[in-house]
1. Taking Ala96 and the conditions (1) aliphatic (A, V, I, L, M); (2) in a helix (DSSP H, G or I); (3) in contact (Cβ under 8 Å) with a residue 60 or more places away in the chain, which numbered condition does it fall short on, given that it satisfies the others?
2. Only one of these is polar (S, T, N, Q) and closer than 22 Å to Ser110 by Cα: Asn190, Asn253. Name it.
3. Quick one: which residue in Thr124, Thr136, Thr80 is under 19 Å from the mean Cα position of the chain (by Cα), of a type in the set (Ser, Thr, Tyr) and surrounded by fewer than 16 Cβ atoms within 10 Å (Cβ to Cβ)?
4. Taking the condition of being open to solvent by 10 Å² or more (accessible area, probe 1.4 Å), under 24 Å from Gly220 (Cβ atoms) and not aromatic (Phe, Trp, Tyr), how many residues in segment 45-58 meet it?
5. Check whether at least one residue in segment 230-241 is more than 23 Å from Lys18 (Cβ to Cβ), in contact with a helix residue (DSSP H, G or I) (Cβ under 9 Å, 6 or more places away or on another chain) and at pLDDT below 95, and report yes or no.
6. Here are some conditions: (1) assigned to a strand (DSSP E or B); (2) modelled with pLDDT under 95. His107 meets all but one. Which one does it not meet?
7. Residues that are of a type in the set (S, T, N, Q) and touching a Phe, Trp or Tyr at 6+ places or on another chain (Cβ under 9 Å): which helices (runs of 4 or more DSSP H) entirely in segment 115-213 hold 2 or more of them?
8. Taking only segment 72-94 into account, find how many residues are out of contact with any helix residue (DSSP H, G or I) (no Cβ under 8 Å at 6 or more places or on another chain), farther than 30 Å from Gln119 by Cα and among the β-branched types (Val, Ile, Thr).
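The values are calculated or read from the model by the stated rules, or taken from the named source; none is laboratory data. Predicted, not measured: the structure shown is a model, and the values here were computed from it. No Cβ is skipped: glycine too gets one built from the backbone with ideal geometry, and neighbour counts run over all protein chains shown. Areas reflect the complete protein model, heavy atoms only, side chains present, ligands, DNA and RNA absent. Shrake-Rupley method; radii C 1.70, N 1.55, O 1.52, S 1.80 Å.
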Amino acid sequence: MYRLVALDMDGTLLNSQKTISPRTKQAIQAAREQGVHVVLASGRPLEGMTNYLDELNMHSEDDYVLSYNASLVQRVASKTVIRKQIMTGKDAKNIASLAHDLGTFVHAFSPVRGLITQQANPYTQHECDINGVSFTEFDFAELSDDEEIIKVMMIADPEVLNAAIPQLPADLYEQYTVVQSAPFFLELMNPNSNKGTGVAMLADHLGLDASQVICMGDAGNDHHMIDYAGLGVAMGNATDDIKAIANFVTDTNDNDGVAKVIEQFILNK
């Protein structure tokens, strides 16, 4: 019945040590041997996903990857983009101004400049370390209005970010997709960009409908795809709002939650 499985990475596929357990690898391989498409869908850039794609042997033209919360959907082998929904320099400047007013830092990902920030902060190196990228301090005022920007992030200690979010203007949620991917990361993207629309497009590309799709995640940026999927799965470590919309709650990321879903619903173990 299920022909496509979309997996969030951090807090879902990856355990607390940022590794994939042997049981999970085995379950994914078994599902793929049955002709099921398994794809990674992450807020990370592709550079931060490549090692895991290699580990799972997902590097053919029949393998797909959703990066930057599905702002980009690509074939893994050729990196051919089959869907792109991104932002502009004007958007980044507007968000940076708002971030300054609310006392948060700002990051952005540019196809040309890579990871940029107006001011390095305690979370900049974290972002670099998990994704294997470097950063550049850059004045966002120098961005041209029409320059391509993939996504922008407002970043702060959780208590600062939690205080800032209620102060966001209501129309911001109409201009952008706004999702919280971690207690310290608020991500803003093209309004047509989220994991749900990305997975839906890929399913259509593969000739599938939502009833044939399983999506698994743990955080706010997984909401759209869990809501879309025929079987939307929340991890045992997911936030309460994600558990509330899920069709099924599995075990935690540290206790093979992904493997247990694949075993039960695809491998019929």
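1. Result: Ala96 passes all but (3).
2. Working: Asn253 fails: closer than 22 Å to Ser110 by Cα.
Checking each option against the conditions leaves just Asn190.
3. Details: Thr124 fails: surrounded by fewer than 16 Cβ atoms within 10 Å (Cβ to Cβ); Thr136 fails: under 19 Å from the mean Cα position of the chain (by Cα).
Exactly one of Thr124, Thr136, Thr80 is under 19 Å from the mean Cα position of the chain (by Cα), of a type in the set (Ser, Thr, Tyr) and surrounded by fewer than 16 Cβ atoms within 10 Å (Cβ to Cβ), namely Thr80.
4. Residues meeting the conditions: 2.
5. Residues of segment 230-241 that are more than 23 Å from Lys18 (Cβ to Cβ), as a first pass: 230-232, 240-241.
Then keep just the ones that are in contact with a helix residue (DSSP H, G or I) (Cβ under 9 Å, 6 or more places away or on another chain); that gives 230-232, 241.
Going one step further and asking which of them are at pLDDT below 95, we end up with none.
No, segment 230-241 contains no residue that is more than 23 Å from Lys18 (Cβ to Cβ), in contact with a helix residue (DSSP H, G or I) (Cβ under 9 Å, 6 or more places away or on another chain) and at pLDDT below 95.
6. (2)
7. Details: elements: 124-131, 158-164, 172-175, 195-205.
Qualifying helices (runs of 4 or more DSSP H): 124-131.
8. Counting residues in segment 72-94 that are out of contact with any helix residue (DSSP H, G or I) (no Cβ under 8 Å at 6 or more places or on another chain), farther than 30 Å from Gln119 by Cα and among the β-branched types (Val, Ile, Thr) gives 2.
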